[in-house]
1. Take segment 1-21 and flag every residue that is over 16 Å from ARG96 (Cβ atoms) and either of a type in the set (S, T, N, Q) or touching a Gly at 6+ places or on another chain (Cβ under 9 Å) (or both).
2. With ARG113, ARG152, ARG77 as the choices, which residue is among the charged types (D, E, K, R) and under 14 Å from the mean Cα position of the chain (by Cα)?
3. Please go through (1) surrounded by 18 or more Cβ atoms within 10 Å (Cβ to Cβ); (2) modelled with pLDDT of 95 or more for GLU112 and return the number of the only condition it doesn't satisfy.
4. Restricting to segment 6-59, count the residues that are touching a strand residue (DSSP E or B) at 6+ places or on another chain (Cβ under 8 Å) and either β-branched (Val, Ile, Thr) or free of Cβ contacts under 8 Å to residues at least 40 places away in the same chain (or both).
5. Please work out which residue is farthest from LYS119 (Cα to Cα), limiting yourself to segment 13-29 and to residues that are open to solvent by less than 50 Å² (accessible area, probe 1.4 Å) and more than 11 Å from the chain's Cα centre (by Cα).
6. Would you check which residues across segment 44-98 are open to solvent by 40 Å² or more (accessible area, probe 1.4 Å) and either touching a Pro at 6+ places or on another chain (Cβ under 9 Å) or of a type in the set (Lys, Arg) (or both) and list them?
7. So how many residues does segment 157-177 have that are in contact with a helix residue (DSSP H, G or I) (Cβ under 8 Å, 6 or more places away or on another chain) and open to solvent by 70 Å² or more (accessible area, probe 1.4 Å)?
8. Can you pull out the residues in segment 112-168 that are more than 18 Å from LEU66 (Cα to Cα), among the small types (Gly, Ala, Ser) and either touching a Gly at 6+ places or on another chain (Cβ under 8 Å) or not in a helix (DSSP H, G or I) (or both)?
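The values are calculated or read from the model by the stated rules, or taken from the named source; none is laboratory data. Being a predicted model, the structure only gives us computed values, none of them experimental. Cβ coordinates were reconstructed from backbone atoms using ideal geometry, including for glycine residues, and neighbour counts include every protein chain displayed. In case anyone asks, the SASA skips ligands and DNA or RNA and just uses the protein heavy atoms, side chains included. Shrake-Rupley method; radii C 1.70, N 1.55, O 1.52, S 1.80 Å.
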Amino acid sequence: MLLLGADEAGKGPVVGSMFVAGLVVEEDRLFDLAGWGVRDSKQLSPAKRESLARKIRSIASDHYILEVKPQVIDELRAVMTMNEIMVRSFSQVLSRLYADQAMLDAADVDAERFADRVKTASKTEILVRAEHKADQHHTIVSAASILAKVSRDASMKELEAALNCKIGSGYPHDQITLDFLCRWVRE
């Protein structure tokens with residue numbers, strides 16, 4: 001049986017893109033993921049995420065990572081809610097992949113509603129379920145969270161190189177990011 005997991009990284013930053021990753025693996029490969037120590041990307045160091053991402057991609061039947069740039073989010077926010085943006089983003093990922101069933105990290109207070117809306121928008125026949133904290137409870141979603149986070153981390157490094165300065169994680173709790181924003185506004 002082919003299983004699909006999907007998760008995002010970068011839904012709430014003040015700098016940088018959001019990434020939604022979908023990953024398809026054969027059900028029996030879940031043992032590999034667990035054996036490698038795959039878990040929620042937030043619980044892993046950047047080096048560990050990088051190492052695991054290579055292993056995850058090596059056993060994936062398929063995967064797709066969608067980048068949603070901040071400008072796109074800003075434009076869409078003028079005409080829709082962030083929940084609607086999440087539905088559209090996850091549905092774009094699902095529409096690119098095939099599996100027998102999918103588990104999503106719910107990006108809505110109502111996980112069942114999120115799953116139904118993503119399924120409808122993606123026009124898929126896949127059995128779609130969503131749970132809150134699915135990245136902590138389902139290894140396939142943990143693996144997708146790692147792919148999304150590694151993509152976001154790489155994107156932030158590219159932005160730092162392009163601007164020739166430290167930006168940090170791009171999240172408002174990061175002092176490096178706050179310092180960058182203060183300098184940026186001053187300049």
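1. GLY10, PRO13, VAL14, VAL15, GLY16, SER17, MET18
2. Working: ARG113 fails: under 14 Å from the mean Cα position of the chain (by Cα); ARG77 fails: under 14 Å from the mean Cα position of the chain (by Cα).
The unique qualifying residue is ARG152.
3. Single failed check for GLU112: (1).
4. Residues of segment 6-59 that are touching a strand residue (DSSP E or B) at 6+ places or on another chain (Cβ under 8 Å), as a first pass: 6-11, 17-27, 30, 33, 41, 56-57, 59.
When the remaining residues are screened for being either β-branched (Val, Ile, Thr) or free of Cβ contacts under 8 Å to residues at least 40 places away in the same chain (or both), the result is 20, 24-27, 56, 59.
Of the residues in segment 6-59, 7 are touching a strand residue (DSSP E or B) at 6+ places or on another chain (Cβ under 8 Å) and either β-branched (Val, Ile, Thr) or free of Cβ contacts under 8 Å to residues at least 40 places away in the same chain (or both).
5. The residue in question is VAL15.
6. LYS48, ARG54, LYS55, ARG57, LYS69, PRO70, ARG77, ARG88, ARG96, listed by residue number.
7. Narrowing segment 157-177 to residues in contact with a helix residue (DSSP H, G or I) (Cβ under 8 Å, 6 or more places away or on another chain): 165-172.
Now restrict to residues that are open to solvent by 70 Å² or more (accessible area, probe 1.4 Å): 166.
Adding up the residues that qualify gives 1.
8. ALA130, ALA134, GLY168
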